[in-house]
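One structure below.
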Amino acid sequence: MNPHQKLAVIVLRLVAALWTAFIVLGWSMYAVEAAVGVEVQHCPEHTIIGNMAYIAFGVLVLVFSMPLGRLLGRGLDE
């Protein structure tokens, strides 16, 4: 792997981890508030399903960051 591919892998992993952690943190705060008994606004089902898809997307990018980094960084060493 060339240095550009390694940098692409690092950036992809960082962005995917932050993306996923941000959404998971938001939903965990929502769950804790609901469990404690704080009055929370109930989200529609399409919002929950959409956010689950965002979490899955972040995990997939994290898992496939190596092949994606190779793809994004190919041909840049010339």
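Just so it is clear, none of the values below were taken in a lab; they were calculated from the coordinates. Keep in mind the model is a prediction, meaning the values are calculated, not measured. All Cβ positions, even for glycine, are placed from backbone atoms using ideal geometry, and neighbour counts span all protein chains on display.
Can you find even one residue in the stretch 19-33 that is over 29 Å from LEU72 (Cβ atoms), out of contact with any Ser or Thr (no Cβ under 7 Å at 6 or more places or on another chain) and among the aromatic types (Phe, Trp, Tyr)? Scanning the stretch 19-33, I find at least one residue that is over 29 Å from LEU72 (Cβ atoms), out of contact with any Ser or Thr (no Cβ under 7 Å at 6 or more places or on another chain) and among the aromatic types (Phe, Trp, Tyr), so the answer is yes.
Cβ-Cβ contacts under 8 Å between residues 6 or more apart (or on different chains), taken from a first residue in the stretch 20-31 that is free of Cβ contacts under 8 Å to residues at least 24 places away in the same chain and over 13 Å from PHE57 (Cα atoms) to a second residue that is surrounded by 15 or more Cβ atoms within 10 Å (Cβ to Cβ) and not polar (S, T, N, Q), are absent. Within the stretch 1-39, which residues are surrounded by 14 or more Cβ atoms within 10 Å (Cβ to Cβ) and farther than 30 Å from PRO67 by Cβ? Selection gives TYR30 alone.
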